[in-house]
Amino acid sequence: MIKYIVAFRPGTSDDFIDEAAKKIEENGGQIKRRFESLPGFEIEVPEGFEMEPVADYPGVQSIEPADV
């Protein structure tokens, strides 16, 4: 499993963030924690998980590997 930090642009609605989390989970990923101080969350996904659709989701600012 690989961990990433998914950050959303400031002002992104909780509905968009919740929908992105739902899509990640529907495709085999897990939301490990949601951040309070910035709009985003840490995810854990299996090897080979396609991140491009996540990056293209409205409001996504960046996706970075999480330091282990």
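The residues in region 20-40 that are assigned to a helix (DSSP H, G or I) and surrounded by fewer than 14 Cβ atoms within 10 Å (Cβ to Cβ) can be counted, and the count is 4. For region 43-67, a tally of residues being in a loop (DSSP other than H, G, I, E, B) and either farther than 12 Å from I24 by Cβ or touching a His at 6+ places or on another chain (Cβ under 7 Å) (or both) returns 7.
Report yes if some residue within region 42-54 is within 9 Å of the chain's Cα centre (by Cα), among the aromatic types (F, W, Y) and surrounded by 14 or more Cβ atoms within 10 Å (Cβ to Cβ); otherwise report no. Looking through region 42-54, none of the residues is within 9 Å of the chain's Cα centre (by Cα), among the aromatic types (F, W, Y) and surrounded by 14 or more Cβ atoms within 10 Å (Cβ to Cβ). Within region 1-19, track down each residue that is among the basic types (K, R) and outside any loop (DSSP other than H, G, I, E, B). Across region 1-19, the qualifying residue is only K3.
Readers should treat all values here as calculations from the given coordinates under stated rules, not as data from a laboratory. Nothing here was measured: the structure is a model prediction, and the numbers come from that model. Glycine gets a Cβ as well: all are built from the backbone with ideal geometry, and neighbour counts include every protein chain shown.
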